[in-house]
Structure formats: structure tokens, C-alpha cells
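The values are calculated or read from the model by the stated rules, or taken from the named source; none is laboratory data. The structure presented is a predicted model; accordingly, all values stated were derived computationally and were not measured. Heads up, the Cβs are rebuilt from the backbone with ideal geometry, glycines too, and the neighbour counts pull from every protein chain shown.
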Ligand code: PBG
């Protein structure tokens with residue numbers, strides 16, 4: 001035996017590399033897998049027809065009119081993607097101080113849901129009830145004297161949620177971080193006979209710079225007055241995020257979401273461990289754009305990092321991921 005090596009006897013008996021020695025072995029011991037069933041595809045909707053309008057800050061992502069969105073969602077469904085999440089870019093003339101268009105039964109978001117559920121009934125439709133696409137100031141709630149008023153906003157989003165469910169939404173996803181909203185939406189949905197409509201709470205939504213490209217996509221970046229620090233969670237706070245999620249669980253959330261994703265994997269893990277609810281991460285616009293931009297410059301292997309980041313969400317305890325890469329991933333997985 002060659003005694004010149006420094007690896008000691010104990011190490012010699014515990015060689016991690018034995019389980020990594022061949023592809024078949026690595027497949028055998030793989031702990032987590034990404035499948036098409038893990039994907040939720042967020043899409044942007046504009047009024048009109050025949051429109052596919054590329055978003056400059058999100059290469060590969062476009063705003064679509066309802067007809068085009070229906071075609072795209074059909075393709076997503078054929079690829080096996082279980083659900084989509086819709087975000088409207090509504091006309092500036094329809095935006096006002098209170099986001100009143102959110103309470104119009106056939107507004108853009110509800111028309112989209114109805115059209116998708118009619119043409120592609122087997123895909124899940126997740127709608128957001130935050131007011132930011134509808135307000136003239138870009139905030140998620142009603143702004144009065146410089147303050148985002150909690151309870152009045154909750155009353156309004158409950159009514160909006162019921163209308164979204166009336167239009168056919170399968171899951172309501174409140175992203176505006178008002179206190180008490182999950183319980184209020186649950187009661188509102190139940191009172192309207194929507195017991196089977198679920199709630200995916202954006203339980204831990206952080207006040208993040210990663211949302212930049214999204215705000216361009218729905219044209220709120222130029223509107224936003226101030227910041228969202230009085231209702232989103234500080235990136236510094238993990239325990240507070242768990243406490244906030246606990247309230248949503250008590251109030252009846254069916255699923256929890258962590259947003260943004262990659263910089264918050266510890267929070268994904270903590271809330272999955274704490275509550276055991278189906279837990280999702282939102283790989284948000286800025287995360288997508290970083291990967292795209294670096295890949296377009298030839299600085300990283302974009303496809304590889306797309307797959308790696310999504311798999312890491314699974315390792316961190318997530319049951320699925322909202323990602324703008326959903327179609328690319330589904331196509332790649334279908335090829336095998
Ligand atoms: C707001 C909302 C945001 C996103 C979706 N809904 C954040 C914000 O603008 O503050 C971000 C999604 C993304 O960045 O991909 N209710």
C-alpha cells in the first residue's frame with residue numbers, strides 16, 4: 001500500500017465520490033428532480049387582439065392580447081404545464097387612485113380568465129388581486145393622504161377576488177401584503193359559493209429590487225410614488241416572514257409562496273418546515289433577466305443556470321416555481 005498519501009484511514013472508509021462515480025449511480029442517488037408538474041407560467045396581458053409585444057427588460061417575454069395568450073396557454077397545456085398566472089397591463093386611462101377597474105366584472109384580467117377557461121379548461125388559472133395594475137400611483141392598495149390604507153384595501157380586494165372567481169379563476173393569489181386579507185378573501189369566496197377556489201398566499205413578499213422588469217412589463221415603474229416598504233417585508237427579516245406566513249396559514253391559505261425566489265431560499269425552507277403546506281417560489285422578473293442578460297453576453301450558460309436554479313428551489317423545499325422560463329423548461333424536459 002502506498003503510504004505517501006495524506007488521506008487518513010477514516011476518510012478512506014468514507015468516500016463520498018463512490019456514489020458519484022458513474023452516471024447511473026448519480027441518477028440512482030439523486031434526491032430532487034424538476035418536472036413539468038413543478039411549473040407555473042406567469043403571463044402578461046394587454047388589451048386588443050393579435051398583439052405579441054416583446055418586453056425590452058425581459059428578453060424572450062412578451063405582453064399578449066387575449067387571443068394570443070389563449071394560443072400560448074394551449075401550447076403550455078399541451079406541454080403539461082399545470083397552471084398559469086396572469087398579470088394585466090391595462091390602459092392608463094383606466095387607472096385611478098383606488099384602482100376601481102379591479103371591480104369591473106369584465107375587466108382585462110377577468111376576460112382573460114374566462115377566455116382561457118373556455119378554450120383550455122384543463123389548465124389552472126391563478127389570478128392576483130393586488131391593485132397595482134389598476135392604480136394611478138402603482139401601489140398595491142388604496143392610497144389616502146400618503147398612506148396605503150389596510151382595511152379599505154382588503155374590502156376591495158375581497159370583492160375583486162369574488163369577481164375573479166366568478167370569471168373562472170381556480171386560485172386567488174393575493175400579493176399586496178395587507179393584513180388580514182387571506183381570511184377575508186376566504187370568507188368572501190365561501191359566501192359567494194366559491195368553496196373550491198383556493199388561495200395561494202404571497203405569504204412572504206419582500207420589498208425587493210428584483211421586481212424592476214415586471215414594473216416595466218405592466219407599466220407601473222414610472223407611476224410608483226415612493227416605495228412599498230410599509231407593506232412588503234424587509235429583505236433583512238426571516239423570522240418576521242415566518243410569522244407573517246403563520247397568520248396566512250391560520251386564516252386559511254391553501255398554499256404559500258415566497259417571492260423573490262433565489263435570494264430567499266432560506267425562507268422557502270423555513271416555511272416549508274414550519275407549516276408543511278404546498279410551498280412555491282416566484283422566480284421573479286429580475287432573476288429571469290439577470291440570467292438572460294448574462295447568457296446573451298455569452299458570460300454564462302443560460303440554459304444550464306435556468307435548470308440549476310429551478311432544481312435548487314426543489315432542494316430548498318419548494319413544491320413548484322412560478323417562472324418566466326416555464327415554456328423553455330417544459331420544452332427541454334419534453335425532449336428528455
Ligand atoms: C405587485 C406584483 C409584483 C410582482 C407581481 N405582482 C411586485 C411589485 O411590482 O411590487 C413582481 C413579479 C416579478 O417581478 O416577476 N402586486
Going through 179, 140, 190 one at a time, which residue ends up being more than 13 Å from the ligand (Cβ to nearest atom) and in a loop (DSSP other than H, G, I, E, B)? 179
So for the range 106-123 (the condition being under 18 Å from residue 178 (Cβ atoms), buried (at least 23 other Cβ atoms within 10 Å of the Cβ) and touching a strand residue (DSSP E or B) at 6+ places or on another chain (Cβ under 9 Å)), does at least one residue qualify? no
Given the range 206-281, what helices (runs of 4 or more DSSP H) lie entirely inside it while holding 1 or more residues that are within 15 Å of the chain's Cα centre (by Cα) and surrounded by fewer than 21 Cβ atoms within 10 Å (Cβ to Cβ)? 212-217, 265-275
Whether any residue in the range 47-69 is surrounded by fewer than 17 Cβ atoms within 10 Å (Cβ to Cβ), modelled with pLDDT of 95 or more and assigned to a helix (DSSP H, G or I) is what I want to check. yes
Filtering the range 71-81 down to residues that are in contact with a helix residue (DSSP H, G or I) (Cβ under 7 Å, 6 or more places away or on another chain) and surrounded by 18 or more Cβ atoms within 10 Å (Cβ to Cβ) yields 73, 76, 81
Taking residue 97, is it at pLDDT below 95 and closer than 29 Å to residue 231 by Cα? yes
Assess whether residue 298 counts as being touching a helix residue (DSSP H, G or I) at 6+ places or on another chain (Cβ under 7 Å), away from the ligand (no atom under 16 Å from the Cβ) and part of a loop (DSSP other than H, G, I, E, B). no
Counted residues in the range 124-137 being outside any strand (DSSP E or B), touching a strand residue (DSSP E or B) at 6+ places or on another chain (Cβ under 9 Å) and within 11 Å of the ligand (Cβ to nearest atom) come to 5
Do we find that residue 157 is within 16 Å of the ligand (Cβ to nearest atom) and more than 20 Å from residue 219 (Cα to Cα) in this structure? yes
